[in-house]
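For reference, the structure is listed below as C-alpha cells.
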Amino acid sequence: MVRACVIACKVLEEELSRLAPAGCELCFLDQDLHRSPERLRLSLQEALRGARGCDLVLLGYGYCGGALEGLRAGTAPLVVPRVDDCITLLLGSHAARRRWGQDAYFLSAGWLAGEGNIVWEYERCLSRYGEERGTRLMRQLFRHYRRLVFINTGRQGEEAAREAAREVAGKLGLEFLTCEGQADYLEGLLRGPWDDGERFVRVPPGGEVCLTPGALPGPGPAL
C-alpha cells in the first residue's frame, strides 16, 4: 500500500481531512502565505524536506501566482494539481471553472477562515480610509468582477461565512451567487491516477516543478 503525505493550504483543511483515506498523513500551511509567493515557496520547500518516510507527496495547492515554480521534490515523487489556484479543486474540474468565465470572484468558508480574504481586506480598508472612501477604493479594486460566487463544500461554519460573503458582495456592488462544490478533483489528488497529464504534474524525486501559467488548462487566477 502506498504511503502518501499531503501538504496543503488550510483553505482545504476540512475538505481534505474529510476525504483522506486512513493512514494518509496531512500537513496544512497557513493561507496567509499566499500574500507572498516567495514566503509560500520557502515554506513549501521546508515542508517537503520534512516529509520523510512517504512513498508519495501530494500537494494541495494550485500554481498560486508562481509560488510553486522551481519547488524541488524530496526523496519521494511529488504530485502537483495542474490548476491556477484552489478554486478549480473545489469546483471539481477545469470545465466547471471555465463555465463561470473571468468576471466571477470565488470564495469558500475555508478562504474566509483566515486573514487576507476579501471581508478582512474590506474591513481593513474602511478602518484606514473611512466608509465612503474605503468602499470606493474596494469597488475600484474589484471593478473587473461582476459576480461574487460562494462555493458550498459542507464545511463547518459555512452558513455564517456565506452570509458574510453576501454582505460584502452587496457593499461592493457585485451580484451574489452560490454553487455546490464537487469533490472529484480532490478525490483524484488523494487517490489517483496521477499520470493522465491533464489534471496533475508528477515530479520525480529530486526534480523541480515547472508549471507555467500558459500550460494550465484553466482560466487565469480569480483570487
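The residues of segment 24-48 that are out of contact with any strand residue (DSSP E or B) (no Cβ under 9 Å at 6 or more places or on another chain) and in contact (Cβ under 8 Å) with a residue 12 or more places away in the chain, listed by number, are 32, 35, 37, 38, 41.
Listed here are the residues, each with its yes/no results for (1) in contact with a Gly (Cβ under 9 Å, 6 or more places away or on another chain); (2) touching a residue at least 60 places away in the same chain (Cβ under 8 Å).
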{"position": "79", "(1), (2)": "yes, yes"}
{"position": "82", "(1), (2)": "yes, yes"}
{"position": "92", "(1), (2)": "yes, yes"}
{"position": "104", "(1), (2)": "no, yes"}
{"position": "113", "(1), (2)": "yes, yes"}
{"position": "161", "(1), (2)": "yes, no"}
{"position": "170", "(1), (2)": "no, no"}
{"position": "178", "(1), (2)": "no, no"}
{"position": "181", "(1), (2)": "yes, yes"}
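Do we find that residue 167 is surrounded by fewer than 16 Cβ atoms within 10 Å (Cβ to Cβ) and either outside the structural domain of residue 137 (by TED's automatic domain parsing) or not in a helix (DSSP H, G or I) (or both) in this structure? For residue 167, the condition - surrounded by fewer than 16 Cβ atoms within 10 Å (Cβ to Cβ) and either outside the structural domain of residue 137 (by TED's automatic domain parsing) or not in a helix (DSSP H, G or I) (or both) - is not met. Among the candidates 192, 130, 110, 181, the residue that is surrounded by fewer than 16 Cβ atoms within 10 Å (Cβ to Cβ) and of a type outside the set (D, E, K, R) is uniquely 130.
I need the helices (runs of 4 or more DSSP H) fully contained in segment 35-148, keeping only those with at least 1 residues that are under 20 Å from residue 186 (Cβ atoms). Spell out how you get there, then give the answer.
Details: elements: 37-50, 86-91, 94-98, 109-112, 118-129, 131-141.
Result: 37-50, 86-91, 94-98, 109-112.
For (1) closer than 21 Å to residue 68 by Cα; (2) at pLDDT 95 or above, each residue gets a yes or a no:
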site	(1), (2)
173	no, no
176	no, yes
180	no, yes
183	no, yes
192	yes, no
196	yes, no
202	yes, no
205	yes, no
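Give me the residue from segment 195-210 that is in a loop (DSSP other than H, G, I, E, B) and surrounded by 17 or more Cβ atoms within 10 Å (Cβ to Cβ) and, out of that set, farthest from the chain's Cα centre (by Cα). Checking each candidate, the answer is 209.
The values are calculated or read from the model by the stated rules, or taken from the named source; none is laboratory data. Everything quoted here is computed from the prediction, not taken from an experiment. Glycine gets a Cβ as well: all are built from the backbone with ideal geometry, and neighbour counts include every protein chain shown.
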